[in-house]
Amino acid sequence: MRLAVGSIFIECNQFGGTPADLVRFEQYELLRGEAMLGVGEGVVGGMLEVLRAGAAEIHPLLVASTCSSGPVTRACYDRLTTELFEALAPEDVDGVLLALHGSGVVAPATDLEGDLLAALRRHIGPELPLVATLDLHAHVSEAMVHNADALVAWETYPHKDAFTTGQRGARLLMGIVDGQWQPAMAMAKMPVLAGGCRGQTQGDGAFADLMRRTKSFEQRAGVLSTSLFMVHAHLDFAGLGSGALVITDNDMDLAVELATDIAKRYWQSREALEQPVLSPATAICQGLEIDGGPVLLIETADCAGGGAAGDSVASIRALIDADLDATSLAMVVDPEAAAACHSADAGAQLRLSLGHKLDPQWGKPIEVTGIVQRISNGNFRYDGGIWAGIEATMGPAAVFAAGEVKILIGTHATYDWADEQYRSMQLEPGGAKFVVVKNPMNYRFGYAGITKAAFILDTPGPTPASVRHLQYKHMQRPYFPVDTEIPGLKPTVLRSRA
Ligand SMILES: [Zn+2]
């Protein structure tokens, strides 16, 4: 069995952030041809392991992944897809396996994965099996469902199952290629848009309940795979929605029935997925009533992992205004301020204009006087998550102390898993009263065991906890949470070609 394997993996944001170009992929992971055969972790690592165990002949294409951002530039997308297609001669393979995200965008507003899978289908013809893995925050579009034979999403949030998702995708493709299964795939979704804060898959939350029910369908006869999706709501496409995708062995009616069951329950669960938020000042007041620390200030509206630029100073402003005796840690992406710290060197006193230079629509810079405590090249290694073991870089970085507020200034936005960035600059969250964290979910895992409390903040930014106030251009009402009741609402059902 000869199988092609590749990946173009990015989550994009259509409300902010900075564009993704080839350099951004080079900063994370860009491996061509044979070089990608050494990948041992993540989705691609899981795929390769199963294919090798099944004695498949692997045709390596290209692995490109990077931190979330604004849309991918057209030049970057064209370059990556050209390389991918040039490495893929359809007559040389029996199937194609791709690791995708599902919420990519090509600038200005093209569904990346839909476009890629449609182009790939034209390239390989109608017969060759094509399987792709997705993030559970994917926007599953009609083009994706029509052009893939099977789509498989990861099952955990915080995301901890990239490797096993790769394994699941590889097993499915091998079963299809050897004629064991004929996949029939249906996606059913409802217009429920939520930030990620209430999307944990462990415990007793609404999304966890939906996930358990969705996965329970895999025990039924004839069901090959089920996936639950909470759409990345910081995209702006018509037809955004959340729900389930079910793949059966040649039984479209069953796939539609089960996917629809989940979509209807998803709508019923909508209120439980909305996250209450606090102003930074209120969160600091409430945090001061708690003994010790760290108390996490979750500035999720500026989440680099959701595509934001990471350059908001809303929490930093509130911490400086609170004038605390205890140490707080905060982070901001600001290339100019990082360069100023590097020119001045450690120990220098500086006055910096900080924040809102990359994505100025969400606030104004603040003027801060402080001491440059430390500078570095910004390199760090992920301890866990979807890039576990990968070396990444914030670019030239500095710790700038404005009194007891220690500000980590980086040059590039980087995905937050746990506290790797802080610790790489010798900032220890365990010893701080307040720690600003810019992600909606991973903090539950990354700071587990040391946190006294966590408050989700209401701050401006392109990745807010609630999308109630986002101005969509392409996504049309009605949708939750703007429309809380929608008379006559039925799931939108997408079916594969099978
Ligand atoms: Zn995700």
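Condition first: in contact with a Leu (Cβ under 8 Å, 6 or more places away or on another chain), in a helix (DSSP H, G or I) and open to solvent by 10 Å² or more (accessible area, probe 1.4 Å). Can you find one or more residues in the range 301-313 that meet it?
No, the range 301-313 contains no residue that is in contact with a Leu (Cβ under 8 Å, 6 or more places away or on another chain), in a helix (DSSP H, G or I) and open to solvent by 10 Å² or more (accessible area, probe 1.4 Å).
Among the residues of the range 327-335, are any surrounded by fewer than 16 Cβ atoms within 10 Å (Cβ to Cβ) and either at pLDDT 95 or above or closer than 23 Å to Gln27 by Cβ (or both)?
No.
One line per residue, one yes/no per condition, for (1) of a type in the set (D, E, K, R); (2) away from the ligand (no atom under 12 Å from the Cβ):
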site: His139; (1), (2): no, no
site: Ala143; (1), (2): no, yes
site: His146; (1), (2): no, yes
site: Val152; (1), (2): no, yes
site: Thr156; (1), (2): no, no
site: Asp161; (1), (2): yes, no
site: Gly166; (1), (2): no, yes
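Six or more apart or on different chains, Cβ atoms under 6 Å: show the pairs whose first residue is in the range 79-97 and in the same structural domain as Arg168 (by TED's automatic domain parsing) and whose second is β-branched (Val, Ile, Thr).
Close Cβ pairs satisfying both conditions: Leu80/Ile8; Pro90/Ile124; Asp94/Val177; Gly95/Val177; Leu97/Val5; Leu97/Val131.
Can you list the strands (runs of 3 or more DSSP E) lying wholly within the range 348-419 that have 1 or more residues being at pLDDT 95 or above, among the small types (Gly, Ala, Ser) and surrounded by 22 or more Cβ atoms within 10 Å (Cβ to Cβ)?
Hits in the range 348-419: 397-402, 405-410.
Return the only residue of Val152, Val131 being closer than 21 Å to Gly40 by Cβ, without any contact (Cβ under 8 Å) to a residue 60 or more places away in the chain, buried (at least 23 other Cβ atoms within 10 Å of the Cβ) and in the same structural domain as Gly243 (by TED's automatic domain parsing).
Sole residue among the options that is closer than 21 Å to Gly40 by Cβ, without any contact (Cβ under 8 Å) to a residue 60 or more places away in the chain, buried (at least 23 other Cβ atoms within 10 Å of the Cβ) and in the same structural domain as Gly243 (by TED's automatic domain parsing): Val131.
Take the conditions in the same structural domain as Cys12 (by TED's automatic domain parsing), within 16 Å of the ligand (Cβ to nearest atom) and at negative phi and apply them to Leu235. Does it pass?
yes
Open to solvent by less than 40 Å² (accessible area, probe 1.4 Å), away from the ligand (no atom under 16 Å from the Cβ), farther than 26 Å from Val105 by Cβ and assigned to a strand (DSSP E or B): does that describe Thr260?
Answer is no for this residue.
Test of understanding: among Asp345, Asp291, which residue is touching a residue at least 60 places away in the same chain (Cβ under 8 Å) and acidic (Asp, Glu)?
Values: Asp345 fails: touching a residue at least 60 places away in the same chain (Cβ under 8 Å).
Only one candidate qualifies: Asp291.
Would you confirm, using the coordinates I've provided, whether Ala208 is small (Gly, Ala, Ser), under 21 Å from the mean Cα position of the chain (by Cα), more than 25 Å from Ala118 (Cβ to Cβ) and away from the ligand (no atom under 13 Å from the Cβ)?
Against the criterion (small (Gly, Ala, Ser), under 21 Å from the mean Cα position of the chain (by Cα), more than 25 Å from Ala118 (Cβ to Cβ) and away from the ligand (no atom under 13 Å from the Cβ)), Ala208 qualifies.
The values are calculated or read from the model by the stated rules, or taken from the named source; none is laboratory data. Source: prediction; values computed, not measured. Reconstructed Cβ throughout: ideal geometry from the backbone, glycine too, with neighbour counts over all protein chains shown. Note: areas computed on protein heavy atoms with side chains; ligands, DNA, RNA excluded. Shrake-Rupley method; radii C 1.70, N 1.55, O 1.52, S 1.80 Å.
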